[in-house]
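Here is the structure we will look at.
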Amino acid sequence: MLSESARVTTAAEQRYRIDAPNALPRRVKVVALDAPSAQLVDRLSKRPWSNATFLALPDDGTATSPAMGSLKDWMHSVAGEAQDLINDVHGTDVMVIIAHAEAHAHPAIPIGEACAVRGIPVVGIVIQDGNTPPALETVNALRPFTTMLVMASSEDYVEAMLSAFNA
Amino acid sequence: MLRKEQNDLLTLTGPGMMAGNLFRRYWIPALLAEELPENECPPVRVKLLSERLLAFRDTNGRYGLIDEFCAHRGVSLWFGRNEEAGLRCPYHGWKYDVTGQCIDVPSEPEESGFCRKIKLKSYPLIKIGDVLWTYMGPPEKQPPQPEWEFALVPSEQTFTSKRLQECNWLQAMEGGIDSSHVSFLHRGSLNSDPLFKGAKGNQYNLNDMRPVFEVVEQPGGLYIGARRNAEGGNYYWRITPWVMPSFTMVPPRGDHPVHGHFWIPIDDENCWAWSFDYHPVRALTASERQAMIDGHGIHVRYVPGTYRPAANKDNDYLMDRAAQKAGHTYSGVEGIAMQDASLQESMGPIVDRAKENLVSTDNGIIMARHRLIKAARALAEKDVTPPGVDPEHQRVRSAAFVLPPDQAFKDAAKDDLMVRPGVRQTSI
């Protein structure tokens, strides 16, 4: 007679796994800190996602879509309406901050600190673009508040990660 | 989560499948050398990448890995007679050499040359260290021989084992990348296992149960860094290298031997978990070697006469709920290897990744899957040699060290993450 463990790990038994959603949709905020990241985030924002919002810092005329907002405006609106950033990140399940190798990552610090207060995990992705190593300043600015820091060699990782999160 | 087509791409490794073709570009462990201990020893059945094969060692010490079945009428050559530089089928006497070439068909006149028309599929089988390695890809693409450090150090410095794991290779391998489970599943073993205990670094593990991770791409795969708080505001880092498709090394503890794994598909629902322990600069002590033989560390005790773990699904992994409740083990299963394997097998033969809810600390796994998919597609579409084939990519080590908070491990510890012959592992 098969043990219970032997019986339940057969391929036939997999049919009986409950086929129903086992989680609420993940609310992911994706923030771009520099112009190349803003272009990437703009492209991503045009694809269908369950529950992802996209924001970018630069206001240098980088293309934005209706689906993507300006990080600067967001932070301004948070301050201008006397809300605080801590309350506004509430309701985010994962914060994703994207920078390219030479980005100035310091604007991410208040966001990271707000997430830390709310216990919201932060994923930092530094995109290296081939063999350009990430600037130490970029990495060091992100490291203190990220639960996961990823040095990716190409931009396509961001979409793969968002898909993996079912964002 | 992965869509079904992505999951199929990575998990199905039979002939013609994309992940199967990816594995075929590498030298992979096929048998322990001890399984073919002498010339003309009995042949051994081998199943790899969903192909049934037979391994044997002929009169002259040459190794062969050939189709298991006689070309005549399909008899298993496991019954074959290993004699006079070939394997003779006992049914009608057809004989094959180590390349699968038929060299005698007794019923046909020799002058007919009939046997020259018969050749079984075969793959090269070479001995490096304690392992017999095979390459199952296109002959013209055969890479240089592997140069993993554990296989190249003197025999007294290394120990290798294999065990059957009754699930798909990928869910097993992902356990090697994901170090966040160590603080939970293996918690009881850090202070009790003779191959783990006593290292200063263990205290950092036990004092900080919430490591933070960094994933860095490297030419052969990834480095996954787990950092915990150390004294003076510094960070204790433990760095796991992953080299494609399925090699990982566990970061070292103290001066214990360093260990790691390969996971090699047998078929889509079973794999071999290869486990090695070695020390770069000294012989393993007698007690260390005996501990490995006794199933401590990442090794296991076996069902006698097999490579199947003694604790397996047929006996509910010898589950001990009292030990679980008392905190001796976290899951109730004894031993690091079976703590992992029992949970990974419980996911089912091939886990359905569409039901996952990954979190930020799963980015090592996410990146590994991403790189595997890219490599499999690049190979299929453009015949690009995958990362990890180049022996240069295999000269990696795991490491454990303390760094100031403003130093990136990949730069500050660059040399520690490479093989340096004659230099001990970087460890705390």
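Some points to look at:
- Which listed residue is out of contact with any strand residue (DSSP E or B) (no Cβ under 7 Å at 6 or more places or on another chain) and touching a residue at least 60 places away in the same chain (Cβ under 8 Å), from B:ALA283, B:ALA337, B:ALA341: B:ALA283
- Taken together, B:VAL212, B:VAL216 contain a single residue that is in contact with a strand residue (DSSP E or B) (Cβ under 8 Å, 6 or more places away or on another chain), without any contact (Cβ under 8 Å) to a residue 60 or more places away in the chain and not aromatic (Phe, Trp, Tyr), which is B:VAL212.
- Scanning region B:141-200 for residues being within 14 Å of chain A (Cβ to nearest Cβ), of a type in the set (D, E, K, R) and part of a loop (DSSP other than H, G, I, E, B) gives a total of 2.
- Criterion applied to B:ARG57, B:ARG88, B:ARG25 was being under 25 Å from the mean Cα position of the chain (by Cα) and under 23 Å from B:ILE118 (Cβ atoms), and the one residue passing it is B:ARG57.
- Options B:GLY220, B:GLY254: the member that is at positive phi and assigned by TED's automatic domain parsing to the domain that holds B:ILE298: B:GLY254
- Some residue of region A:22-38 being surrounded by fewer than 15 Cβ atoms within 10 Å (Cβ to Cβ), assigned to a loop (DSSP other than H, G, I, E, B) and at the interface with another protein chain (Cβ under 9 Å from one of its Cβ atoms): yes
- Output for region B:315-331, where each listed residue is within 15 Å of B:SER192 (Cα to Cα) and in a loop (DSSP other than H, G, I, E, B): B:GLY327, B:HIS328, B:THR329, B:TYR330
- Condition met for B:GLU68 (in contact with a Ser or Thr (Cβ under 9 Å, 6 or more places away or on another chain), within 30 Å of B:LEU22 (Cβ to Cβ) and not assigned by TED's automatic domain parsing to the domain that holds B:THR385): yes
- Selection count where residues are crowded, with 19+ Cβ neighbours inside 10 Å and either assigned by TED's automatic domain parsing to the domain that holds B:VAL258 or in contact (Cβ under 8 Å) with a residue 24 or more places away in the chain (or both), scope region B:110-129: 5
- Annotation: of all residues in region B:344-367 being part of a helix (DSSP H, G or I) and either at the interface with chain A (Cβ under 7 Å from one of its Cβ atoms) or without any contact (Cβ under 8 Å) to a residue 12 or more places away in the chain (or both), the one that is farthest from B:PRO309 (Cα to Cα) is B:SER360.
- Flag if B:ILE428 is more than 11 Å from every other protein chain (Cβ to nearest Cβ) and buried (at least 19 other Cβ atoms within 10 Å of the Cβ): yes
- Identity of the residue in region B:202-235, assigned to a loop (DSSP other than H, G, I, E, B) and farther than 21 Å from B:LEU417 by Cβ, that ends up nearest to the other protein chains (Cβ to nearest Cβ): B:ARG210
- Evaluated against (1) surrounded by fewer than 20 Cβ atoms within 10 Å (Cβ to Cβ); (2) modelled with pLDDT of 95 or more; (3) in a helix (DSSP H, G or I), B:ILE103 falls short on exactly one condition, (3).
- Cross-chain or 6+ apart pairs with Cβ under 8 Å, region B:399-411 first and within 14 Å of chain A (Cβ to nearest Cβ), then part of a loop (DSSP other than H, G, I, E, B) and surrounded by fewer than 20 Cβ atoms within 10 Å (Cβ to Cβ): B:LEU403/B:ASN234; B:PRO404/B:ASN234; B:PRO405/B:ASN234; B:ASP411/A:PRO133
- Out of B:GLU68, B:GLU38, one residue alone is surrounded by fewer than 17 Cβ atoms within 10 Å (Cβ to Cβ) and in contact with a strand residue (DSSP E or B) (Cβ under 9 Å, 6 or more places away or on another chain). It is B:GLU38.
- Residues considered: B:SER192, B:SER180, B:SER161. Of these, the only one that is over 25 Å from B:MET244 (Cβ atoms) and either of a type outside the set (Asp, Glu) or in contact with a Gly (Cβ under 8 Å, 6 or more places away or on another chain) (or both) is B:SER192.
The values are calculated or read from the model by the stated rules, or taken from the named source; none is laboratory data. All values derive from a computational prediction rather than experimental measurement. FYI the Cβ positions are ideal-geometry reconstructions off the backbone, even for glycines, and counts take in every protein chain you see.
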